[in-house]
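The values are calculated or read from the model by the stated rules, or taken from the named source; none is laboratory data. All figures in this text were calculated on a predicted structure; none of them were measured in a lab. Glycine also receives a Cβ, built like all others from the backbone with ideal geometry; neighbour counts cover every protein chain displayed.
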Amino acid sequence: MKLLNIDANAKTIKGQKQGYMTAILYLSPSDSSGKNLCPMAKQAGCIAGCLNTSGRGGIAKGNATFQTISGATLPDNTVQRARMARSELFNNDQPAFLAQLVKEITAFISKAKRKGLIPVVRLNGTSDILWETIPIDGAGSIMALFPDVQFYDYTKVYKRVMRPLPANYHLSLSYSAANQKYALATLAVTDQSGINLVVVSRKELPDTFAGRKVINGDESDLRFLDQTGVVVGLKAKGQARKDTSGFVIDPAPFTTV
């Protein structure tokens, strides 16, 4: 079982034109694996619209499904089964998981360099783990173990961006209007920290959101290259197109809270 997917989707492949190769770790989101790997999922209302079901992750022969340990229902395909297996390893034997992750990142760095590309790593493809708090091999975090590699993630845990982060770890804060308290907190935090806000739109992207310029985040996944002080707009994918919780923002007028 491999942990990392390397340039496995159209969005990350676009990064190669800019000289980067991307490795992403996809786990089972929220509490579907029996342990909550997305601590703000319920507050942010993003469970139903999670991109876990976009692309191949949402396709199953005969629309077959399986029920997770938490009672969630997922498409029964190799993508979802693999994410569940990785999550169970993380939950039940974290030292073994981290040891394998280190080996795979090391191999990925070599592969990227052979191709003349810069390796970058996103550990929360479909999770929201606070990786900066997990010590590994005597280092403060896996970012400290690979100080020359750029790590990046999207997060809904807004308190993370108000605390010191490893210098090589870039976070973008994901917005949701499903919960007024959460929405107001993310807007306030981005105002204070300068961290960019990410907004998911059902259709067209607005020119501005909450008084800030909106850029097209679907042009690549390289969030650490974004200009600061903007809103990153993404088009809804998979089941998110049908989401009505407030996580996905409808076309104009683009209201906040």
Restricted to the range 16-36, and to residues that are crowded, with 19+ Cβ neighbours inside 10 Å, of a type in the set (Gly, Ala, Ser) and modelled with pLDDT under 90, which residue is farthest from Asp218 (Cα to Cα)? Ser33
Taking into account only those residues within the range 134-157 that are in contact with a Phe, Trp or Tyr (Cβ under 7 Å, 6 or more places away or on another chain) and either hydroxyl-bearing (Ser, Thr, Tyr) or farther than 14 Å from His170 by Cα (or both), which is surrounded by the fewest Cβ atoms within 10 Å (Cβ to Cβ)? Ser141
Across the range 156-175, what is the total count of residues that are at pLDDT below 95, of a type in the set (Ser, Thr, Tyr) and under 20 Å from Leu27 (Cβ atoms)? 1
Residue list for the range 109-126, filter: modelled with pLDDT of 95 or more, surrounded by 18 or more Cβ atoms within 10 Å (Cβ to Cβ) and polar (S, T, N, Q): Asn124
Filter result (within 14 Å of the chain's Cα centre (by Cα), of a type outside the set (A, V, I, L, M, F, W, C) and part of a helix (DSSP H, G or I)) within the range 111-159: Tyr158
Taking the range 204-257 and keeping only residues that are at pLDDT 90 or above, crowded, with 19+ Cβ neighbours inside 10 Å and of a type in the set (Val, Ile, Thr), one is left with Val214, Val231, Val232
For the range 196-216, enumerate the residues that are in contact with a Lys or Arg (Cβ under 7 Å, 6 or more places away or on another chain) and among the basic types (Lys, Arg). Arg202
